Amino acid sequence: MLKSAINCVKLHSKICVNLQSIRCLQLTPDYTQNSYKVTRGNYNLLKDRHVDFFQSLLGKERVLMDENDLERYNVDWYKQVRGKGQIVIKPKTTDEVSKILAFCNDNRLAVCPQGGNTCVSGASVPVFDEIILCTDLMNEIIHLDENSGVLVCQAGCILQNLNNYVSEKNLLLPLDLGSKGSCHIGGNVSTNAGGLRLLRYGSLHGNVLGIEAVKADGEVIDCLNTLKKDNTGYHLHHLFIGSEGTLGFVTKVAIQCPTQSKAISLAFLGLNSYEDVIKTFLQAKLELGEILSAVEVLDTPSMELVNEHLKLNSPIGNHNFYLLLETKGSNEEHDQDKLNKFLELVLNKKLVVDGTATTEPTKYNAIWSIRERLPEAFALDGYVYNYDLTLALEDYYKLVSELRDHVGDRSHRVFGFGHLGDGNLHLQVSAIDFSNEFKDYIDSFVYKRVKELNGSISAEHGVGFLKAPYLNLVKHKSSVSLMRSLKNLMDPNGILNPYKVLPY
Ligand SMILES: Cc1cc2nc3c(=O)[nH]c(=O)nc-3n(C[C@H](O)[C@H](O)[C@H](O)COP(=O)(O)OP(=O)(O)OC[C@H]3O[C@@H](n4cnc5c(N)ncnc54)[C@H](O)[C@@H]3O)c2cc1C
């Protein structure tokens, strides 16, 4: 039986966590260069005369060299990788980025672009001693066209700040991630981030209309188009979307913001089996159609995690699977009628065992917290090996069970959750600590199975450093070869984010 009827409320600002304030329990990892088989490229070491140049351009306060300051820029949030960067540089303008990159290129100094450093694939921190070029101070909102909803801003704007800004004009950013309080829009674009709103608004390849970026040699590429339709020539800005800082440094972004919905509802459902999860999802697509805005799934161990580490409870007791369905529309009565009919149907068909639905903001936030704070919970569960996969719905949960059998009692737990609506599974294995041998054992199993199942080894987190060795396994050699040609064309000295994306 449904625990609460839908009642009507207007405000829906989801919780926002600044990840810098949350400590990942995992110990600081060993230096990447010690843990992985990777050889330093032929780049110059940082010299005093290089530092003098950066300081004369930006002033001493925007050039960090103190070891204590550097640590948080050298280690990723999940503490999977650790670089030995000796300098962090914080430009404010495109012109400064251009001068810095031109200098680095001329002096063969490798550079690691960094936004909010919330990356999950080990791409945002140096592998060796790359210079960290950070967008912390590039946080200016340049223009919002209220008629078209197109927002133009610098790359270092924090996603949540942008969302707050446009929400005053009844708009919202077309992407929403658990890391929104820390990640930068430039980092989002560079990773082609997906997240919780992709089902409804599509990917950044559709929503980002234009980009300004600086090439490795310092040339500014202005593709900062703000038109929804522009078919003049090659669509160059797409090259920077998802290229993880290897083709250019993104300095400005033009992004289309949809209008906020007047009516928002959330249902949280308990189910017995994964088969019922698929059937319920298909029924939701049929019954809720255009108002369906998010479909997320969690399994039992995922719920146990948030309960154990964050004291968040399921509002509907314990079940094998949980589905979170959100609807957004323009007519409250119409939308609630549709949602109620859908819920009645899936309960009568016994696809759903129990559930709750709400439009009340406190409850809405509490339910979303269970899903959004999961990464925070597993960061407190020992070392977590994480996989971000796309699989056909019929294979989606099969891999979780297979991996559970494969690792046996070598892990605390193997669990799966994710953006079911996009076929995006976050498959996780938590263990006491990191072991290279165990990582290889899981990696080879998971990636081989994903290839057999025609899935993707990176749905939304990118390839970064950690998955680069597997690119050849899943991409045709003609694609990898064209990627290399593009890299050579745009960054012939290979100074931009080396050892990332392309196999090293
Ligand atoms: C709790 C949590 C929840 C998350 N949820 C999601 C989710 O739902 N969906 C999702 O897709 N991801 C998610 N992520 C991953 C991460 O937040 C995204 O990949 C995000 O887009 C990274 O943005 P960032 O500013 O932190 O970039 P960083 O981590 O700093 O960098 C990411 C990559 O982009 C490059 N880069 C950064 N800025 C620039 C620039 N200006 N120009 C060129 N290259 C640049 C870096 O070199 C690196 O390769 C989550 C992470 C955490 C910790």
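The values are calculated or read from the model by the stated rules, or taken from the named source; none is laboratory data. Bear in mind that the values here come from a model prediction, so they are computed numbers and not experimental data. Cβ sites come from the backbone with ideal geometry, for glycine too, and all protein chains shown count toward neighbours. Note: accessible area is taken over every heavy atom of the protein model, side chains too, but ligands, DNA and RNA are not part of it. Shrake-Rupley method; radii C 1.70, N 1.55, O 1.52, S 1.80 Å.
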Within region 125-171, the count of residues that are acidic (D, E) and within 29 Å of Q80 (Cβ to Cβ) comes to 3
Of D95, D106, D76, D66, the only residue that is closer than 28 Å to L427 by Cα and acidic (D, E) is D76
Given (1) within 24 Å of T32 (Cα to Cα); (2) away from the ligand (no atom under 14 Å from the Cβ), Q428 misses just (2)
Conditions (1) over 21 Å from the mean Cα position of the chain (by Cα); (2) not assigned by TED's automatic domain parsing to the domain that holds D440 -> I370 fails only (1)
With the first residue restricted to region 325-341 and required to be in the same structural domain as P361 (by TED's automatic domain parsing) and surrounded by fewer than 20 Cβ atoms within 10 Å (Cβ to Cβ), and the second required to be charged (D, E, K, R) and not in a strand (DSSP E or B), Cβ contacts under 8 Å at 6 or more apart or on different chains are S330/K262; N331/K262; E332/K262; K341/E287
D433 meets each of (1) surrounded by 17 or more Cβ atoms within 10 Å (Cβ to Cβ); (2) in contact with a Phe, Trp or Tyr (Cβ under 6 Å, 6 or more places away or on another chain); (3) not hydroxyl-bearing (S, T, Y) with one exception, condition (1)
Those residues of region 442-489 which are part of a helix (DSSP H, G or I) and open to solvent by less than 20 Å² (accessible area, probe 1.4 Å) amount to I442, D443, V446, Y447, V450, A468, L471, V480
Note: among L389, L374, L420, L351, just one is farther than 27 Å from K79 by Cα and crowded, with 21+ Cβ neighbours inside 10 Å, namely L351
A careful count of residues in region 37-73 that are among the hydroxyl-bearing types (S, T, Y) and open to solvent by less than 90 Å² (accessible area, probe 1.4 Å) gives 2
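Here's the yes/no breakdown for (1) in contact with a Leu (Cβ under 7 Å, 6 or more places away or on another chain); (2) in a loop (DSSP other than H, G, I, E, B); (3) under 28 Å from E290 (Cβ atoms):
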residue	(1), (2), (3)
P315	no, yes, yes
N318	no, yes, no
T327	yes, no, yes
H334	no, no, yes
E344	no, no, yes
A357	yes, no, yes
Scanning region 277-298 residue by residue, those part of a helix (DSSP H, G or I), open to solvent by 10 Å² or more (accessible area, probe 1.4 Å) and closer than 29 Å to F378 by Cα turn out to be I278, K279
Of the conditions (1) without any contact (Cβ under 8 Å) to a residue 24 or more places away in the chain; (2) among the aromatic types (F, W, Y); (3) surrounded by 15 or more Cβ atoms within 10 Å (Cβ to Cβ), the single one that Y234 does not satisfy is (3)
Subset of region 27-36, residues of a type outside the set (F, W, Y) and open to solvent by 40 Å² or more (accessible area, probe 1.4 Å), comes to L27, T28, D30, Q33, N34
Picking from I131, I87, I158, I100, the residue that is on the phi < 0 side of the Ramachandran plot, touching a strand residue (DSSP E or B) at 6+ places or on another chain (Cβ under 7 Å) and open to solvent by 10 Å² or more (accessible area, probe 1.4 Å) would be I158
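Rundown of residues vs (1) closer than 24 Å to E296 by Cα; (2) out of contact with any Leu (no Cβ under 9 Å at 6 or more places or on another chain); (3) more than 16 Å from the ligand (Cβ to nearest atom); (4) assigned to a loop (DSSP other than H, G, I, E, B), yes/no style:
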{"site": "I367", "(1), (2), (3), (4)": "yes, no, yes, no"}
{"site": "D381", "(1), (2), (3), (4)": "yes, no, no, yes"}
{"site": "D395", "(1), (2), (3), (4)": "yes, no, yes, no"}
{"site": "F417", "(1), (2), (3), (4)": "yes, no, no, no"}
{"site": "E437", "(1), (2), (3), (4)": "no, yes, yes, no"}
{"site": "D440", "(1), (2), (3), (4)": "no, yes, yes, no"}
Of the residues in region 200-220, those that are open to solvent by 10 Å² or more (accessible area, probe 1.4 Å), more than 20 Å from S148 (Cα to Cα) and within 12 Å of the ligand (Cβ to nearest atom) come to K215
